[in-house]
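Report on the structure given below.
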Amino acid sequence: MTAMRTETAYKDDSVRQRGEVRNGDMDQVALDIGSPHLTDADAGPATGPALRPALFARYGDLSKLRYDFPLILVDGDGGGRFLQSLTSVVDGILRQIALPGAAAEPLRRHVLRLEGEIRARVSRGESDTLSRLWKRSAADLIAEKGESVFGPLATKLDYAREALHVDGAVIDCDADTPYRVLAHIWTAVQASKAKAFRKKVDALIMKLSDILKADFMKSDKAHTREALQSAIGTSFESAFDFAAMSHVLSRGPSEDRLSEDRRRRIRAVLQVLQSQRFYGPGRASERRPDQPEPYGFVFDGCAAALDAFRDRLPEMLDFVKVLTIAELEIQNKYRTELHDPVFARFDESDLSEDQLAHFPSYLVCLRDGHTDPAETVRAFETLASGLPVKVLVQTDDILGTTSPEPPRSSFGAGSARLAAMAAGLNDTYVFQTASANLYRSHDRLVTGMRYEGPALFAVYSGATPSAAGMPPYLLSAAATESRAFPTFVYDPAVGPDLATRFDITDNPQATVDWPVHELFYEDEALQRIDKTVPFTHVDFVACDTRYARYCAPAPRAKWRDDMIPAADYLKLAPERSVEHCAYILSVDAGNVLYRTVVDDKLIDVARHNADAWRRLQELGGINNSYANRLLARERKAWEEQKAQELAELRTAASPTPEEAVAPAEAVAPPILAAVAEPAEEPEPANPDEAWIETARCTTCDECTQINDRMFAYDENKQAYIADPDAGSYAQMIEAAESCQVSIIHPGKPRDPSEPNLKDLISRSEPFI
Amino acid sequence: MTAPLTQCLLRLIDENYTLTDYQSDTPPRWCTGCGDNGILTAVQRLCRDEQLSPEKTVMVSGIGCSSRLPHYMNAYGFHGLHGRALPVAEGIKLRRPDLNVFVTTGDGDCCSIGAAHWIHAIRYNMDMTVLLHDNEVYGLTKMQASPTSPRGLKSNTTPRGALLDPLNPLTVTLGVPNVSFVAQAVDWIPEVLFDIITQAYRHKGFSFVRVLQRCPEFMDHRFDPWIHDPLKTRLLVHAEGIQLKTDISRIYRNQETHDPSDLHRAREVASETEEIPVGVLYRNSAVPCYEDLREGERPNTPGLIRTVLNEEFDKFTIWPEDDGAAPPAE
């Protein structure tokens, strides 16, 4: 069973012993197993031994096993990992401090023993933080061994303790687990959100304060003797003549001040930023005594959460406006005539998801048996509203109380349906799972809590009262295994289509109807028998004492040939099913194997459940009927086409030798001649006209200093000849000679009457 | 296309800066023919093309001809102490990371009196663009040898000729840990100068550009061999570096494809003496910026400063009742 896979046990031998199932000599049969149809009247109350599904045989005392629980609700951000299992923490410590090899074996054993002690305390209901549990357990172990607190055991445990860098409440798998885990992750995600929020708001406060401060420094008040004196402090005040300084400063030219309107606006923005109630102020911010407490965001009903949201909406709108104004003010781009009308019109419809993401999300916790069933309907409406509300629906009883058939009115079944319905809301994050999977679903939970829109978490706790004696961990894992409460996620943020959004791969062996597992046991001759056993919905229902009356355990002696496993029975055609009776394998307290014959009612429920599972598979892209049909159609078309081609080939005349050896060149596409990139030749300059290689001009001012009408700068501040007639040819030659990068080409003289023309022409030759 | 409200509202403000928006009222007082003019133009073109707000742009300089550049830019400027341009720029960037910080410095300002700051500024890798105007001489003080002056240069301080080989700012920069961007340009190929400064600006980190620059007064004809023989200038081209336009490519045919991520080859190229390598020698965007590394958990708002100060003062406060309780409310 994937969901119940355990890691290395500390008492490996004893577990293996427990895991073996012995076929026994049982003579107690409660009912006439010859009748495959057990009814209420036939059966009466169960009188057989308390049985469990045979696959549970290896899971006896969970407190002796190393598995996902107890969980640690990690304090702080935990490097993004808000849940840790005790096992993984201890493994991490051992990897760090205990080198491989025999030398470190005592240390490993001591630490594992300590872990066992902590696990035992938690399973006894002791609730505390890991560090305190560690301390108490270590003290007990040391006392038990009779060593002093400075002895070798204490030293080893202290050494391990130093490598422990995680702390937080340690919880076991029980009725409170879904709420505690979800609330913890919600709190941790809100804490990181609060951090980012405070950082953003504080940066705005700081910059706006700077603007006001800079403005104040230009005021007459800041130039008074007293203000200057207080700025220096008392240590060196005798070294300055503050009156003279004040006199000098006040005589200076008056500086630009902020307009009164802007100053007032900035102050108003600061006031809103500093008095917001959505997040607490954090450690190092001043909090005025008259400032109201921050808002709470955890509710036990959807109506209360929605009311709170509506009440706070005006404040949220104000805050969003203020954030925008603050950024405009910081960039000095607030224009009253432009922006005032925009903000005057600003209302709820202008709120974007990005802006809503600044605020905390609302957490609503509903629980089977504790919450008004009408809340289920409200939860659906709340999720449909698209607001950032995270709804936890915890179910303790999937099967209902009255009948093994799916009850129509019970809250438990309703919540299971709610998750599937919520996935149809399109923009709601939906995650359904059982308590046993919570640790492995850490990332799914965090993603849902971080999702900007609404999210639904439907969790089966496994704490069904009628399954007394069955650990909630085991029962919740069984719910997932048996497809009674399958795990699935619908995440609208990951992609546009169902194939990326909907995922059922977290289920064990998701491609088949029922997951199968190995079971091995001894027969009467003490020989090992290996079997592959599916875990069906019937196995899960049989864990519940309310349905014991529909089950008839048959010991080995009463086994008959017409008994077939329930999973096979479910596959039979209706007319053939009358020939057989369905059974599941069970064990009693002594791990003795039984075939438990089950009533048709349970078979019907299992069939109904398998049908629901197959629909879920289709949504998850497994055995999708549309795809299968399309595939069959395409395959058929392809086969027909190929058959036709084959027939054509057979009937076609044999090719002539000439055709067979057609020259390859004739069919090969002509090779395109490489098209040479046309050389970008510059326009041939007229050697008679003066010109400048403008792109190479270094802006050195040589030419413009000679004649700034003849030579001018373009928009890149590089020279060109603005007017060749604005100066003499002599100036043109002088500029060409002065240009350090020799990019001025003077051309021919434009005025034939200019003096010394012959000499100038000869000087121009190097630049033509 | 959609955009956040703030961005929409900001776009309502139509700003279109032209080159003249970055020109100050003071006309440049550099000598006619000075390479500094070309560098100033390239910086102004960059500001225009990137549409940098003048009020969000700071030019910081030390002392020297090159360090007069902030006067000629219509932006914030800090004409500071000799050799201290970089610490001032670092202070500005730390306090105001939103500003575009440029540093203009000369071969004396950076490589002599400011050498210590230079080395550590490279190591700190703060996001700024540094233009080293290297004319290989002290020009403002009428010709004294600088650390990059060629051996044998006769100047007021080296009448018998400079005795030492010059310091190579490129190899020095490339030898400092955390170096993230090194390029070399020459003022007489303005298009390439502009391209390189643009690349430097866009690089997040300490972008160091050495610009070989003519000094017509004291080092006249120093670069003539390279100016008049384009084959003596080796242009480093690469998809991650600069790419040449056709007209430039036709003149400067001596080209090498140089991958700017290759530090080893960058050091070899930087050591060339016969040919002048021009282009992006080295670029590593993965080096973290100091201002990001030391960014606090929260901005230092006035409220935060007061609270933290009070917490510190409380540690030394002696309460009237020495039982650890807070004083009674007044």
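Is it the case that B:His79 is of a type outside the set (Ser, Thr, Tyr), open to solvent by 40 Å² or more (accessible area, probe 1.4 Å) and closer than 27 Å to A:Gln331 by Cβ?
yes
Can you tell me which of B:Arg96, B:Arg84 is at pLDDT 95 or above and either outside the structural domain of B:Ala145 (by TED's automatic domain parsing) or charged (D, E, K, R) (or both)?
None of the other options fit; the residue is B:Arg84.
Just the residues that are open to solvent by 70 Å² or more (accessible area, probe 1.4 Å) and either hydrophobic (A, V, I, L, M, F, W, C) or outside any loop (DSSP other than H, G, I, E, B) (or both), please, taken from the stretch A:501-527.
Result: A:Glu518, A:Leu526.
Does the stretch A:575-585 contain any residue that is closer than 30 Å to A:Tyr490 by Cβ and open to solvent by less than 40 Å² (accessible area, probe 1.4 Å)?
Checking the stretch A:575-585: not a single residue is closer than 30 Å to A:Tyr490 by Cβ and open to solvent by less than 40 Å² (accessible area, probe 1.4 Å).
So which of B:Asp195, B:Asp165, B:Asp127 ends up being among the acidic types (Asp, Glu) and in contact with a Cys (Cβ under 9 Å, 6 or more places away or on another chain)?
B:Asp127
Restricting the first residue to the stretch B:161-177 and requiring it to be under 13 Å from B:Val269 (Cα atoms) and in the same structural domain as B:Val269 (by TED's automatic domain parsing), which pairs with a second residue that is among the basic types (Lys, Arg) and open to solvent by 60 Å² or more (accessible area, probe 1.4 Å) meet a Cβ separation below 7 Å and a spacing of at least six or different chains?
What qualifies is B:Thr171/B:Arg267; B:Leu174/B:Arg267.
Got a sec? Which helices (runs of 4 or more DSSP H) wholly within the stretch A:538-654 have at least 3 residues that are under 30 Å from A:Leu526 (Cβ atoms)?
A:566-569
Scan the stretch B:250-266 and report the pairs whose first residue is closer than 10 Å to B:Leu236 by Cβ and whose second residue is among the small types (Gly, Ala, Ser) and modelled with pLDDT of 95 or more, with Cβ atoms within less than 7 Å and a gap of 6+ or a chain change.
From the stretch B:250-266, the pairs are B:His258/B:Gly279.
Within the stretch A:456-476, how many residues turn out to be farther than 14 Å from A:Gln394 by Cα and either open to solvent by 30 Å² or more (accessible area, probe 1.4 Å) or not in a loop (DSSP other than H, G, I, E, B) (or both)?
7
Quick check on the stretch B:53-76: of everything there that is part of a loop (DSSP other than H, G, I, E, B) and open to solvent by 10 Å² or more (accessible area, probe 1.4 Å), which residue is farthest from the other protein chains (Cβ to nearest Cβ)?
The extreme case among them is B:Ile63.
Residue check: is B:Arg214 within 14 Å of another protein chain (Cβ to nearest Cβ), open to solvent by less than 30 Å² (accessible area, probe 1.4 Å) and either of a type in the set (Phe, Trp, Tyr) or outside any helix (DSSP H, G or I) (or both)?
The answer is yes for B:Arg214.
Determine which single condition B:Asn125 fails, assuming it passes every other condition in (1) open to solvent by 30 Å² or more (accessible area, probe 1.4 Å); (2) over 21 Å from B:Ile39 (Cβ atoms); (3) under 19 Å from the mean Cα position of the chain (by Cα); (4) modelled with pLDDT of 95 or more.
Result: B:Asn125 fails condition (1) only.
From the set of residues in the stretch A:484-500 that are within 20 Å of A:His608 (Cα to Cα), at pLDDT 90 or above and in contact with a Leu (Cβ under 9 Å, 6 or more places away or on another chain), which is surrounded by the most Cβ atoms within 10 Å (Cβ to Cβ)?
Ranking the candidates gives A:Pro486 first.
If I ask for residues that are among the aromatic types (Phe, Trp, Tyr) and either in contact with a Phe, Trp or Tyr (Cβ under 6 Å, 6 or more places away or on another chain) or more than 13 Å from every other protein chain (Cβ to nearest Cβ) (or both), which ones from the stretch A:320-370 would you list?
Scanning the stretch A:320-370 gives A:Phe359, A:Tyr362.
What single numbered condition from (1) at pLDDT 95 or above; (2) surrounded by fewer than 23 Cβ atoms within 10 Å (Cβ to Cβ) fails to hold for B:Ser146?
(2)
Does A:Asp708 meet the test of being closer than 25 Å to B:Pro230 by Cα and within 13 Å of chain B (Cβ to nearest Cβ)?
Against the criterion (closer than 25 Å to B:Pro230 by Cα and within 13 Å of chain B (Cβ to nearest Cβ)), A:Asp708 does not qualify.
Exactly one condition in (1) within 14 Å of chain A (Cβ to nearest Cβ); (2) open to solvent by less than 10 Å² (accessible area, probe 1.4 Å); (3) of a type in the set (Ser, Thr, Tyr) is not met by B:Ser207; state its number.
Single failed check for B:Ser207: (1).
Being part of a loop (DSSP other than H, G, I, E, B) and surrounded by fewer than 21 Cβ atoms within 10 Å (Cβ to Cβ), is that true of even one residue in the stretch B:182-202?
Checked against the condition, which is being part of a loop (DSSP other than H, G, I, E, B) and surrounded by fewer than 21 Cβ atoms within 10 Å (Cβ to Cβ), the stretch B:182-202 yields no hits at all.
The values are calculated or read from the model by the stated rules, or taken from the named source; none is laboratory data. For clarity, every value in this text was computed on a predicted model and none was experimentally measured. Backbone-built Cβ (ideal geometry, glycine too); neighbour counts: all protein chains shown. All accessible areas refer to the heavy atoms of the entire protein, side chains included, with ligands and DNA or RNA removed. Shrake-Rupley method; radii C 1.70, N 1.55, O 1.52, S 1.80 Å.
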